[in-house]
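Following: one structure in structure tokens, then a few remarks.
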Ligand SMILES: Nc1ncnc2c1ncn2[C@@H]1O[C@H](COP(=O)(O)OP(=O)(O)OP(=O)(O)O)[C@@H](O)[C@H]1O
Ligand SMILES: [Mg+2]
């Protein structure tokens with residue numbers, strides 16, 4: 001699960017981290033991926049491998065429409081619009097019983113096999129989740145070195161100054177948003193096949209969005225490996241907390257909240273950038289020592 | 001002729017920031033744009049380069065009408081500006097800042113790096129290439145503004161007070177940078193308050209006051225123009 005969370009956090013980071021504009025409603029794309037895969041498989045027996053792709057395509061279309069309408073909005077309004085959008089989809093999933101099974105959710109039939117993306121052991125899921133994580137992180141590494149990555153950061157920092165240098169800000173944001181949505185959708189599909197049961201309050205909930213966003217923010221906004229650091233520190237810690245103090249529910253939520261507050265208060269960009277800065281400063285100090 | 005403005009008008013609510021301003025810019029020249037504070041100089045840049053829509057008039061660039069085109073389209077056509085209030089991408093390094101501009105012309109990171117490096121050398125920021133842009137002082141930030149814009153390989157560069165707020169000793173350096181860029185074939189419009197610099201750099205000068213063009217001509221003529229003296233000293237001549 002840690003791999004999966006890392007992949008999701010990195011997917012989210014692909015747009016929001018590099019651009020600095022928080023898409024809080026990103027769970028909507030997780031939900032689209034999960035539902036597309038689960039429904040196609042449970043109702044029509046279509047292989048989840050195809051379901052993943054269909055979910056991705058669907059997410060891409062939705063991202064184009066939603067992105068086209070909301071990406072031009074300024075900071076807070078954009079954040080609010082993403083929340084509204086996720087809420088609408090969640091409500092749709094609950095009320096459109098005929099299609100989605102309503103709040104009862106979708107139960108995925110258990111028939112192990114590669115084509116069905118279902119296994120009796122956990123290892124194959126871990127491998128898939130690991131591969132997913134690697135692909136998304138690799139995409140982020142590539143983004144950092146590409147024209148799109150430079151443009152995205154520039155637009156995030158100062159849209160007017162970026163446009164003056166020839167950056168089409170709407171197109172830049174839309175492209176990154178779309179890629180981010182598709183990656184998130186893939187993660188949703190994998191999650192559905194792993195959990196074998198999905199319901200709106202799980203795959204589309206704000207809590208879910210917030211969880212992988214927190215991992216990315218804590219680890220390092222706009223860094224390829226930040227989500228990895230964030231997840232591999234926080235996910236085990238929350239699991240231990242949950243395990244050792246089962247009577248205090250929500251303790252891990254409290255911890256994540258605290259971390260977020262610390263990050264925001266100190267205006268750092270998360271654990272990884274803070275570490276880097278620390279190392280840089282040490283190096284600089286060492287250099288100065290040698291000079292003097 | 002690289003740029004032609006035909007009766008540009010821009011209003012902000014009640015005030016008329018630009019009132020039917022017309023001028024032509026010769027290719028390859030350096031033209032000074034002066035005027036008292038609030039005269040509308042920066043607004044004129046905003047209108048020419050598509051940052052603000054104009055209310056009336058037409059603008060032509062390289063013979064093509066560009067009225068109300070977006071600034072990123074104009075950057076690709078070869079027009080770029082620097083900001084009076086600098087707008088660096090703070091979290092990026094100096095080199096990366098310039099590379100954003102270079103990506104306007106090339107796709108690969110390597111070529112962008114080459115173009116950006118050249119631009120940094122031109123403005124004398126090469127040594128600082130790996131610094132975060134947020135660590136630069138005001139003079140360096142102004143140079144970075146120029147380097148970013150120059151990296152887009154412009155035909156026309158609009159420089160807004162790149163010498164304001166820098167050390168007097170740096171003014172000479174900055175003048176040389178402007179001249180070097182001009183000699184590499186870039187036409188330049190220069191907004192500046194430092195008369196010495198503007199007199200020595202520009203062949204022609206345009207003077208704005210309260211949104212109106214009140215004078216235009218060779219540098220030596222313009223400073224003797226009575227309208228201009230009036231605008232600057234704010235007194236009636238006997
Ligand atoms: N975005 C805006 N909204 C409203 N009014 C504006 C705007 N931009 C400029 N103005 C007004 O337009 C007038 C011209 O301003 P502008 O910045 O162009 O002057 P300037 O000649 O560049 O002055 P300075 O030498 O101080 O830079 C001023 O009265 C200013 O207050
Ligand atoms: Mg100004």
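Laboratory data are not the source of any read-out in this text; all were calculated from the coordinates shown. Small disclaimer: the values here were computed from a predicted structure and weren't measured. Neighbour counts run over all protein chains shown; Cβ positions are idealised from the backbone, glycine included.
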>> Can you list residue pairs whose Cβ atoms sit under 6 Å apart, with the first residue in region B:189-212 being more than 14 Å from every other protein chain (Cβ to nearest Cβ) and closer than 16 Å to residue B:165 by Cβ and the second being more than 10 Å from ligand 1 (Cβ to nearest atom) and part of a loop (DSSP other than H, G, I, E, B)? Count only pairs 6 or more apart in sequence or on different chains.
In response: B:192/B:163; B:194/B:163; B:197/B:163
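Tell me the residue from B:48, B:34, B:2, B:85 that is closer than 24 Å to residue B:227 by Cα and either within 15 Å of ligand 2 (Cβ to nearest atom) or away from every other protein chain (no Cβ under 14 Å) (or both), please.
Working: B:48 fails: closer than 24 Å to residue B:227 by Cα; B:2 fails: closer than 24 Å to residue B:227 by Cα; B:85 fails: closer than 24 Å to residue B:227 by Cα.
One residue alone meets the criteria, B:34.
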> Within region B:160-168, is there a residue that is closer than 20 Å to residue B:48 by Cβ, within 14 Å of chain A (Cβ to nearest Cβ) and within 16 Å of ligand 2 (Cβ to nearest atom)?
Replying inline: yes
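Does residue B:40 satisfy being within 16 Å of ligand 2 (Cβ to nearest atom) and touching a residue at least 40 places away in the same chain (Cβ under 8 Å)?
Numbers: within 16 Å of ligand 2 (Cβ to nearest atom): yes; touching a residue at least 40 places away in the same chain (Cβ under 8 Å): yes.
Here the answer is yes, as residue B:40 does meet what is asked.
Say we look at region B:24-42 and pick out the residues that are part of a strand (DSSP E or B) and within 15 Å of ligand 1 (Cβ to nearest atom); which of these is farthest from residue B:187 (Cα to Cα)? If you could, list the steps in order and put the result at the bottom.
As a first pass, look at region B:24-42 and keep what is part of a strand (DSSP E or B): B:24-25, B:30-34.
From the residues that got through so far, the ones that are within 15 Å of ligand 1 (Cβ to nearest atom) too are B:32-34.
Values: B:32: 11, B:33: 13, B:34: 17 Å.
Among them, the one singled out is B:34.
Within region B:30-45, track down each residue that is under 16 Å from residue B:178 (Cα atoms) and out of contact with any helix residue (DSSP H, G or I) (no Cβ under 8 Å at 6 or more places or on another chain).
Taking region B:30-45 first, the residues under 16 Å from residue B:178 (Cα atoms) are B:30-33.
Answer for region B:30-45, where residues must be under 16 Å from residue B:178 (Cα atoms) and out of contact with any helix residue (DSSP H, G or I) (no Cβ under 8 Å at 6 or more places or on another chain): just B:31.
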> Among the residues of region A:216-223, is there at least one that is within 14 Å of chain B (Cβ to nearest Cβ) and over 18 Å from residue B:92 (Cα atoms)?
Replying inline: no
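Scan A:219, A:226, A:230 and give me the residue that is crowded, with 24+ Cβ neighbours inside 10 Å, farther than 22 Å from residue A:127 by Cα and touching a residue at least 40 places away in the same chain (Cβ under 8 Å).
Numbers: A:226 fails: farther than 22 Å from residue A:127 by Cα; A:230 fails: farther than 22 Å from residue A:127 by Cα.
Checking each option against the conditions leaves just A:219.
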> In region B:130-158, what residues are touching a helix residue (DSSP H, G or I) at 6+ places or on another chain (Cβ under 7 Å), without any contact (Cβ under 8 Å) to a residue 40 or more places away in the chain and within 12 Å of chain A (Cβ to nearest Cβ)?
Replying inline: B:130, B:131
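Take the conditions in a helix (DSSP H, G or I) and buried (at least 19 other Cβ atoms within 10 Å of the Cβ) and apply them to residue A:138. Does it pass?
Details: in a helix (DSSP H, G or I): yes; buried (at least 19 other Cβ atoms within 10 Å of the Cβ): no.
Against the criterion (in a helix (DSSP H, G or I) and buried (at least 19 other Cβ atoms within 10 Å of the Cβ)), residue A:138 does not qualify.
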> Under the condition of being within 9 Å of ligand 1 (Cβ to nearest atom) and under 13 Å from the mean Cα position of the chain (by Cα), which residue from region B:43-66 is surrounded by the most Cβ atoms within 10 Å (Cβ to Cβ)?
Replying inline: B:44
